[in-house]
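Trainee: The structure that follows is given in the form of structure tokens.
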Amino acid sequence: MQRDMIYWILQDITREEKDAPMDDAYPRAVMEMTVTWGDCDIAGIHYYARTFDWFTNARMHLMAVYGVPYIKTFFEQGLSLPVLKAECEFKRMLRPEEKIKVDTELSELTRTRAKFTYKIYKESGELACAGATYHAFVDPAAGAPINAKKKHPALWDRLMALWPVFERAE
């Protein structure tokens, strides 16, 4: 009985955290878009896998907003950020021609990893989806994880200057 009660309390805490607005202390960007028919399944409901494409687009949008576009700043410099884990909780259906906002936050950044958090809102402001992607800094030529601060010190210094909130995490 007590174990069940603890489980439900933890579930409520997790639900509250996912529904809470994003923290303004962390790098954030909002990408607006319209759900297309190609984003949907035969029933006209957005296909779950497309959500992860939207996460990718929103993540790249966030980086561009802060002046560190992914391809130029990372990929062309021999650094990639592959996804280690992706998760999403679906709360409301999305249909073709609906206007949505993908609110993206870089919520964790260490020398070896990054975490992006996403919230997708309907035009009404209702939360439709909440999720996260977890990434590692990788040298694509070697196919191995790296310490970004050691391998790319100028880039790391630039990121810390842009986002000093992560200096504490070093």
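Trainee: Show me 139-149, 60-70 ranked by packing, highest mean number of other Cβ atoms within 10 Å first. Don't jump to the answer; show the numbers that get you there.
Mentor: Working: 139-149: 13.4, 60-70: 16.9.
Output ranking for 139-149, 60-70: 60-70, 139-149.
Trainee: Looking only at the stretch 65-100, which residues have a backbone nitrogen under 20 Å from a spot 7 Å from the Cα of residue 124 in the C-beta direction?
Mentor: 89-100
Trainee: Stretch residue 151-residue 33 to full length: gain in nm at 0.36 nm per residue minus the Cα-Cα span?
Mentor: Full extension from residue 151 to residue 33 adds 38.9 nm.
Trainee: Over the heavy atoms of residue 112, what accessible area does a 1.4 Å probe trace out, to the nearest 10 Å²?
Mentor: Counting only protein heavy atoms, the figure is 60 Å².
Trainee: Could you go through the stretch 129-142 in sequence order and give the Karplus-derived ³J(HN,Hα) for each residue, using 6.51 cos²θ - 1.76 cosθ + 1.60 with θ = phi - 60°, rounded to whole Hz, and x for Gly and Pro?
Mentor: With the stated coefficients, the stretch 129-142 comes to 8, 9, x, 7, 10, 10, 10, 10, 6, 9, 8, x, 5, 8 Hz.
Trainee: Let me ask another. At 1.4 Å probe size, what's the solvent-accessible area of residue 165? Round to the nearest 10 Å².
Mentor: Number for this one is 20 Å².
Trainee: Compute the distribution of all C-alpha to C-alpha distances in the stretch 46-170, in bins of 10 Å from 0, and list the percent of pairs in each, rounded to whole numbers.
Mentor: 12, 42, 29, 14, 2
Trainee: If you don't mind, there's one more thing I want to ask. Using the Cα atoms as the points, what is the convex hull volume per residue of the stretch 31-85 in Å³?
Mentor: Dividing the Cα hull volume of the stretch 31-85 by its residues yields 94 Å³.
The values are calculated or read from the model by the stated rules, or taken from the named source; none is laboratory data. In this text, all values refer to a predicted model and were calculated from it rather than measured experimentally. For neighbour counting, all protein chains shown are included, and Cβ atoms are generated from backbone atoms with ideal geometry for every residue, glycine included. Please note that ligands, DNA and RNA were not included when accessible areas were found on the heavy atoms of the full protein model with its side chains. Shrake-Rupley method; radii C 1.70, N 1.55, O 1.52, S 1.80 Å.
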